[in-house]
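The values are calculated or read from the model by the stated rules, or taken from the named source; none is laboratory data. It should be emphasised that the depicted structure is a prediction, and the values quoted were computed from it without experimental measurement. Don't worry about glycine lacking a Cβ; one is built from the backbone with ideal geometry, like all the others, and counts go over all protein chains shown. Just the protein is used for accessible areas: all its heavy atoms, side chains included, with ligands, DNA and RNA removed. Shrake-Rupley method; radii C 1.70, N 1.55, O 1.52, S 1.80 Å.
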Amino acid sequence: MSVQVPLHNTPLADEHVALGAKMVGFGGWNMPLQYESILAEWDHNRKTVSIFDCSHMGEFLIKGDAKACGLDSIVTQTIVDMPVNTCRYGAMLNGQGGIIDDLIVYRKAPEDWMIVVNAANIEKNAQHFRDSLNANAQFEDASFKIAKLDLQGPQSRDVLKVLAPGIEKLSYYTFDQFQINDIPCLISRTGYTGELGFEIYCPWEKCKEIWKSFLAHATVKPTGLGVRDVLRVEMCYSLYGHELDESISPLEAGLDKFIDGKKDFIGRQAALARPPERSIGYFISASRKSPRAGNKIFDSGEKEMGVVTSGTFSPALQVGIGIGFMSRTSKDAGTGIFFGDEKSKSAATVAKRPFYKNGSLKS
Amino acid sequence: MEIEENFLYTKEHEWVSIEDNIATMGISDYAQEALGDVTYVELPEEESDVEQFEQFVSVESVKAASDIFAPMAGKVIEVNRKLEDTPGLINKDCYGKGWIAKIDVRDMDESTNLMSAEEYRNYLESLH
C-alpha cells in the first residue's frame, strides 16, 4: 500500500497553471518547472530580469539573545557580530556532524532573527530548533504565513526601485523593510542565480497581488525551478539533497568558510574531527554531453574516485558541467578526469568555481 | 501535436519513413516537446548493426538524458552530423532537418510492428 501525501500549494499555484507552466512536485510542493523553454528562460534571466515563486521555502522567526537563547549554538556561522539588517549564510548540523540544512540568518533587530531554510526540510528543521533552543527563546515557524518572490537578473534593481523606492541602497547580503502597493515586505539583496537580485518576503495572502505587479512590467518574465537549477549549478551553489545532506560533513561540502571555528555549535566536534577523504569539486565536460547526478567520477587513469551530485548542460559555456564528491588528490583545477559509468566514460576537466564568471551579482 | 501522415511510429515516440529499403528515423513532435531543449545527441556509429527496438542513440536535454530506440533492424548507413553542433534542430524541425539516422533495413516485415499515423494519434490520446 502506498500513501499519497498531497503536495502543498504556494499562493501562486493557480497563476502558474494559468501561465501554462509545467508543474512538478519538489520537496513536497507543487511547483512550476518551466513556463517556456529552459534555454529561453535562462537567457532572459542572465540578460534581463526574471521572477521566481520561492514561497515553498521555510521561514522561522526567533526572538532572543543569540547566545542566551541557544540560536548561536545551532548555526555554524558567526552571528553575534552581525549588524542589524544584514544576512549571513551558513548551516546547521546534527550531533554526528552531518548537515541538517543550509540556511540564511537575517538579523532584524539585536534580538529578532529570521532563518530561511529549504522547503523539503521545514518540519525537520522546526523540530530541531524547538529541541535545541533554550526555554527563553521565542520560536515561530512562519513558513505558511510568509511568501517569497525572487526577482533576479541584471535589470532587477531598475524594476524593483519603481515598486519599492529605496531598495537602491541595499548592498549585497543586506535587507530592510519596504512597501510594495502599501503591502509591507522584507526585501534582501540575495539570490541563487549569480545575478543582481532581490528576495521579497511578503504576507502569504498578498503574494498574488505583488506577483501580478511584477508581471505587469514588460521586461519581467516568470521563471521555473528547471532553470533555477541550471543557474545555481553554473554558480556552483550547493543544493540540499544533492551536495548537502545529513551524511555529509560541512568540510566535505566545502562549507569551511561558513563555519566559525572559534565557537561551540552542535556537531562541531564530529564535523571537524577528521579531514574528509573526499570533498566537493567542480568539472567541465569536454563536449555538450552533460554529467548527471549519480554518474561515477574516474581519475585520469580511469580509476573510480567519486560521484556526481549535480550535472547539467550549461547554456553559458555550451558544454556539460558537473558538481560531485571526488578524491582530494585529484581535484586540482586543470586535472583531466572522466564521468559516466564503466561502459561509457566521457572526458572532463576539473575547474575552479564558479563556472559562470560574468554574473551581475555584485554590480 | 504534429504527426506526419505518411510516417510510421513506435511506442517510444520514434518516427520512421521508409523509401527504397532505407529507413530515415527521428523522434516525434510529442517526444521533442516532452524533452524540451535538446542540448546533445549521442549518434550511433555508421556501419553498426542494430536490432529493432534496440537502444542505439541517446538524446540529452538541459536536465535529462533519454534513450532512443531503432525503429527497424539493419545497418546504420548515415547519421545527421548537423546535430553535433545544432542539436536544437530536433526541436525546430523534428520530422525534417532534425532527422537522426538512416538504416538500411534488414527485414521489411518488421514494419508491421509499428503504428500508422492514425494509430499513433490514438496511442497518444490513450496516454492522457
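Here are the numbers:
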quantity	calculated
Leading residue at positive end of dipole, region A:244-345 (Cβ point charges), from A:318, A:272, A:305	A:318
Longest site-free stretch - chain B; sites: trypsin sites (Lys or Arg not before Pro), DSSP loop, at most 13 other Cβ within 10 Å	B:12-80
Positive-pole candidate from B:18, A:30, B:123, dipole of the protein assembly as shown, charges at beta carbon	A:30
Computed over region A:277-351, Kirkwood Rh from alpha-carbon pairs, angstrom	11.5
Point-charge dipole on Cβ atoms (K/R +1, D/E -1) for chain A, about Cα centre, debye to 20	900
Normalised contact order of chain B, rounded percent, pairs of Cα under 8 Å and 6 or more residues apart	31
Region A:306-363: trypsin sites (Lys or Arg not before Pro) in DSSP coil with no more than 14 other Cβ atoms inside 10 Å	A:343, A:352, A:357, A:362
Burial of 50 Å² or greater, region B:22-57 residues [accessible area, probe 1.4 Å, versus chain by itself]	B:37, B:39, B:40
Net charge, residue A:110 excluded, C-beta distance under 14 Å - Lys, Arg +1, Asp, Glu -1	-1
Antiparallel %, DSSP beta bridges [both residues in chain A], to 5	95
Reach of residue A:148 by Cα under 23 Å, taken over lysines that are not fewer than 8 positions away in the same chain	A:22, A:47, A:63, A:108, A:124, A:161, A:169, A:206, A:208, A:212, A:221, A:362
Interface residues in region A:20-38 - accessible area drops by 30 Å² or more relative to the isolated chain, probe 1.4 Å	A:22, A:38
Interface area, B with A, accessible, probe 1.4 Å, both sides summed, Å² nearest 100	1200
Relative contact order of chain A, defined on C-alpha pairs under 8 angstrom at six or more residues apart (%)	17
Accessible area in square angstrom per residue, the protein assembly as shown, 1.4 angstrom probe	43
Region A:150-220: relative contact order in percent, alpha carbon pairs under 8 Å with at least 6 residues between	30
Cα-centred dipole magnitude for region A:58-141, charges only on beta-carbon of K, R (+1) and D, E (-1), debye, nearest 20	100
Whole-angstrom gap from region B:97-120 to region A:150-190, using each part's C-alpha centre	56
Separation between Cα centres of region A:207-240 and region A:292-334, rounded to whole Å	27
Reduction of at least 20 Å² in accessible surface, 1.4 Å probe, comparing all protein chains with the chain by itself, residues of region A:294-331	A:313
Region A:69-120 and region B:5-47: distance between their alpha carbon centers, rounded to Å	51
From phi via Karplus (6.51, -1.76, 1.60), per-residue ³J(HN,Hα) for region B:91-103 in Hz, x at Gly/Pro	6, 6, 8, 5, 8, x, 5, x, 4, 10, 8, 10, 10
Helix-only mean residue ellipticity at 222 nm for chain A, each DSSP H run of n ≥ 4 adding -39500 (n - 2.57), per residue, nearest 500	-4500 deg cm²/dmol
DSSP-assigned coil residues among GluC sites (Glu not before Pro) in region A:295-348, each with at most 12 further Cβ atoms within 10 Å	A:302, A:342
Cleavage-rule hits (GluC sites (Glu not before Pro)) in region B:10-50: DSSP loop, at most 11 neighbouring Cβ within 10 angstrom	B:45, B:47
Approximate spin-label separation residue A:300-residue A:269, in nm, with each point projected 7 Å along Cα-to-Cβ	4.2
